[in-house]
Every structure is written in C-alpha cells, then in structure tokens.
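The values are calculated or read from the model by the stated rules, or taken from the named source; none is laboratory data. No experiment lies behind these values; they were computed from the predicted model shown. Please note: Cβ atoms are built from the backbone with ideal geometry, for glycine as well, and neighbour counts cover all protein chains shown. In case anyone asks, the SASA skips ligands and DNA or RNA and just uses the protein heavy atoms, side chains included. Shrake-Rupley method; radii C 1.70, N 1.55, O 1.52, S 1.80 Å.
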Amino acid sequence: MNFKHRDVISIKDFTKEEIEYILEYTKRMIPYATGEKHTTLLKQQILATLFFEPSTRTRLSFESAMHRLGGNVIGFAEPSGTSQKKGESLADTIRMADSYSDAIVIRHPQEGAARLAAEFSEAPIVNAGDGAGQHPTQCLLDLFTIQTEKKNIKGKNVILLGDLKYGRTVHSLAYALALFKANLTFVSPETLKMPKEVIQECKEFGVEPVSTTNLEKAIKEADVLYATRIQKERFPDAEEYNRVVGSYKVSTALLQQAKEDLIVMHPLPRVVEIDPDVDKTNHAVYFTQAFNGLPVRMALLSLILGGKT
Ligand code: CP
C-alpha cells in the first residue's frame, strides 16, 4: 500500500482496504496525539495550511498534528492578509505554497478548488473542504469514531440529518458508509435532500438509502445519528434559508425514543440543531469525534509525507 506523496481530494481516492489501513494506523497515533508519547517523525518537513474559509477544528487539528509529529507549519487562516487581496490567482498562490512546503492543506469555498490546486502543485494537496463538494479527512475521522464507538460499521443503522444538499461532510460520509455496508437513512427538509448522484453511488455498493423528513420515526432503530448544521453561507437565497433553519433539533426528549446506546455525532460547528443538554448524556460523542481529527490527520500526514509506517 503506497500513500507517499498522494493527493487527498476525495474519500473516493481511497479503496476500502486503504481506508481500513489508515483507521488502523490512527490507533497507533493516539498516544502521540494526547502528548503521552513524543516523536520527530516529520522533523524538518513543512506543512502549508491555506484556509480561504473559516475553520476551527480542521485547521487547528492539522496544525497540531504537524507539530505533534515534529514538523513545522506555515499558512493563513483567511485570505485577506495574502496577495489574493491584490488579485493573485489561486493557481499562483498554490505555486508559491508548493515552493515553500512539503504538503498543502487547502479549504476553499469553491467546489473543485482542491482538485484544481493539485494541478499546480508538486507537493501533495489535502482537501480540507471545497464548498459543497468533499471533506475527506472529516470522513476518515467520522469513520474512525463510528468504528471505535460501535466496534464496526457494517450493518449499523446510520441517520444522516440536516443539510444533505449542501453538506460536504455528509456527501463524503454517505459514500464511505455505503462502501462499508452500513444501513442509511437520510433525514432532511424536502428542499435539502441528498443529491441523486450520492444516492446512486450508495446503490452501486448494494445499499438502498431511505429518505424521509420524519426524524421521530427514524430515530427509534438508529445506532448512529449524524446531525449537521443548516449552512447559511451555502444558500443562494436568504428566504430559502429562513424557511428551513431550525427544522430539526436533537433534544433529550427526542433521545428518550432512541436506543440506549445510540451515539449522536456532529462534524461541528453546531448552532441550533443539538440542544446543549444533550452534551451531558451518554449519547453525545461529538467532542470525542472532533478530538479524533487529530490522530487521524497525524496518521494521514505520516503516510503521505513518507514517515515510517
Ligand atoms: N468539522 C469541521 O470541518 O469543522 P471546522 O469548520 O471548524 O474546521
């Protein structure tokens, strides 16, 4: 299995066996992620983090991952302080980052931006979210969380809830969960349904997702509830957003209808879709899930930058 110098643009770039390998390798990274053990595996290597869109978890965990591996980080958290402001093209910004670093992590509001960046960079490109497109490292940490919390993914009843139309995390995750043969239920407002092409991809793996607007009914049989934010910034029309915001709220009352061992996940940030009271229940795993981003990204950086495996 060879990961060295590979771009990571979409979860579809990996085979099932490669994903399983990354998840297994992630387990070995946990004592390094917590600071219990130390390593200089990526000493002298430089990661560029180019964030054209806001981020808390993805940027900080990538930067922490590189530091924990003994490497260095350059980059920006928003483009206003860069020469993009003077009209520089994305291609030229990427060429520069390529010449200053060994790998580039990019988040951009435009779908396809990471794929485009890869055309202008010798250094491997990692997609940290491209508009409503893909978020492959989020997908890996989501899979790792389900596998850790539920022992395996195959046969688990998973609900993807919320903004399934514009949500890049659920686009990547639906594909991967189908690859791993989970049972899928898509719960969303009528106007934010999962795109047909994602449903078709699931069917090609022999998984027949159920689409519904009824969360109360779906939650009774679920093992995993993966909630997402309705993303105001993706709506072309504010009226359309206002019509659907607050459509679903995961509350302790709702969870009384669920299995005792249901886990509630969320890629975060959350706004109104999970009541803070849920944080205190055994169902809530979203903060652990966010932590898992660190060992997952450490594993991925180690593999693509050619550290020891
Ligand atoms: N889950 C996620 O991508 O979070 P951030 O937007 O904070 O990076």
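Apart from one condition, Phe3 fits all of (1) touching an Asp or Glu at 6+ places or on another chain (Cβ under 9 Å); (2) open to solvent by 20 Å² or more (accessible area, probe 1.4 Å); (3) over 20 Å from Phe291 (Cβ atoms); (4) more than 16 Å from the ligand (Cβ to nearest atom); the exception is (2). The residue pairs whose first member lies in segment 29-48 and is closer than 10 Å to Gly70 by Cα, whose second member is open to solvent by less than 50 Å² (accessible area, probe 1.4 Å) and at pLDDT below 95, and whose beta carbons are closer than 6 Å, counting only pairs six or more residues apart or on different chains, are Leu41/Gly307; Leu42/Gly307. Residues in segment 259-291 that are open to solvent by 10 Å² or more (accessible area, probe 1.4 Å) and in a helix (DSSP H, G or I): Pro276, Asp277, Asp279, Lys280, Phe287, Thr288, Ala290, Phe291. Considering Ala77, Ala132, Ala114, the condition of being within 16 Å of the ligand (Cβ to nearest atom), open to solvent by 40 Å² or more (accessible area, probe 1.4 Å) and small (Gly, Ala, Ser) is satisfied by Ala77 alone. From the list Tyr241, Tyr286, the lone residue that is without any contact (Cβ under 8 Å) to a residue 40 or more places away in the chain and within 16 Å of the chain's Cα centre (by Cα) is Tyr286. Only a single item in (1) out of contact with any His (no Cβ under 8 Å at 6 or more places or on another chain); (2) open to solvent by less than 30 Å² (accessible area, probe 1.4 Å) is not met by Gln256, and it is number (2).
Of all residues in segment 137-184, those being farther than 30 Å from Ile104 by Cα, buried (at least 21 other Cβ atoms within 10 Å of the Cβ) and out of contact with any helix residue (DSSP H, G or I) (no Cβ under 7 Å at 6 or more places or on another chain) number 2. Across segment 37-63, the qualifying residues are those that are out of contact with any strand residue (DSSP E or B) (no Cβ under 9 Å at 6 or more places or on another chain) and within 16 Å of the ligand (Cβ to nearest atom), and the one among them that is farthest from Met298 (Cα to Cα) is Thr56. Taken over segment 174-191, the residue count meeting the criterion of being in a helix (DSSP H, G or I) and free of Cβ contacts under 8 Å to residues at least 60 places away in the same chain is 5.
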